1. Straight-line reach only, C-alpha to C-alpha below 17 angstrom: list the aspartates and glutamates that residue 168 could link to, leaving out same-chain residues fewer than 8 apart.
2. For the chain, what does the relative contact order come out to in percent, with C-alpha contacts under 8 Å and a separation of six or more?
3. Would you mind calculating the gained length between residue 93 and residue 6 on full extension (0.36 nm times residue separation, minus the Cα-Cα distance), in nm to one decimal?
4. Under a cut-off of 16 Å between alpha-carbon atoms, report the aspartates and glutamates in cross-link reach of residue 221, not counting same-chain residues fewer than 8 places apart.
5. Treating the beta-carbon of each Lys and Arg as +1 and of each Asp and Glu as -1, no other charges, what is the dipole magnitude of segment 249-333 about its Cα centre, to the nearest 20 debye?
6. Could you give the size of the charge dipole of segment 219-266 about its Cα centre, using +1 on the Cβ of each K and R and -1 on the Cβ of each D and E, expressed in debye and rounded to the nearest 20?
7. For the charge dipole of the chain, defined by +1 on Lys and Arg C-beta atoms and -1 on Asp and Glu C-beta atoms about the Cα centroid, which residue among 80, 341, 310 has the Cα displaced farthest towards the positive pole?
8. Evaluate segment 261-348: find the radius of gyration of its Cα atoms, find its Kirkwood radius, and give the ratio Rg to Rh.
Amino acid sequence: MQITKTLQSNIQQIDFNNLSFGKCFSDHMFIVSFKNDEWQKPEILPYGPLSLNPGTHVFHYGQAIFEGMKAYKNKQDDILLFRPLENIKRLNRSADRLCMPRIDETIFMQGLTTLLEIDKDWIPRSDNMSLYIRPFMIANSEFIRATPASEFKFIIITSPTSTYYSGKTNLKIEQKYARSVVGGTGFAKAAGNYAAAFAPTKKVQNEGFTQIIWTDAISHKYIEECGTMNIMFRIDDKIITPKLSESILGGITRDSIITIAKQKGIQVEERRISVSEIINYYKNGRLREAFGVGTAVTLNPIDSITFKNIVIDIEELNQDSYATVLKNELLAIQYGKIKDINCWTLKV
Ligand SMILES: *Cc1c(COP(=O)(O)O)cnc(C)c1O
């Protein structure tokens, strides 16, 4: 790997007590190009602009995929990653779907760990901060013929972040637009999925909601995800969550929360969940909690859900809420504060 370090670190310019998500970037980035059917020599460079031909394929056809993960610091100043191999597996599933090359686990992990060691001062040592890691791949061929590219770039950039508190979360159940369809790219972390979700999301935000609850594209009767997170409900003392499908993204947080809940003796059901079922549980007083789960926020409690003229109000959290208990447990594992019985964390 070729490493070129910056002559001038930007770290002094960063107000770590006032981080807004994804706006400031660490000093270095990892880049490796794919050409002639193989990955070339990886490099670490000072963070900075890429120079790209306007005919570069990604600008026209959107062959672009990404991942989202975090590095944490424990009390001993060790750098901890959370289930990174799951991110690599998912990146490669996304690559297959978007007709892009798979990345080798060694290239990814060597690139990432070297980058983290070089930029370790950018990983905040605090219980509510971490370093957000954004690996991504773009089509880099210089032609605008609508055929798959043959050249690509895989890049990792990082950004210090705090657990972003978003205030109240009031969601609206979507009845017209779809985030993804069966047979589409919804299970992949494809950049285009996000592009297609922005306009419908903006629309509900103009109506005063925080985010959308996405339903299946055909009947809009079944719940899929909320915003860019997986969704879970507590019915009595059981958790229910939509079963993974081609139109739902398999979150690593989702999988981890399910595992932790089961280990605590909580029953978890993964199945199809209809909107009318949730409304009935609410009317019968059995819907006790609802929350979104994903890397950026870990676990985000939902305050209300609106369907047409029905508003489902969800009780405030308390110490015994599943949302509180499960979130604290997951964070304690991620920050290396408790025994990691599932061997999820990886010390860099
Ligand atoms: C990334 C993502 C998630 C959450 O996945 P995690 O691995 O838990 O971060 C959920 N839904 C969508 C659409 C996503 O893009």
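1. Correct list for residue 168: 207, 289, 303, 313, 315, 316.
2. Numbers: 693 pairs, mean separation 62.6, N = 348.
Reported as a whole number, the value is 18 percent.
3. 27.9 nm
4. 174, 277
5. Working: 10 positive and 11 negative charges, 55 e Å.
For this selection, approximately 260 debye.
6. The calculation lands at about 160 debye.
7. Sorting the options by dipole projection puts first 310.
8. Result: Rg/Rh = 1.03.
Bear in mind these aren't lab numbers, they're just calculated from the coordinates by the rules spelled out. On a predicted model such as this, the values are computed, not experimentally measured, just so you know. Virtual Cβ from ideal backbone geometry, glycine too; neighbours counted across all protein chains shown.
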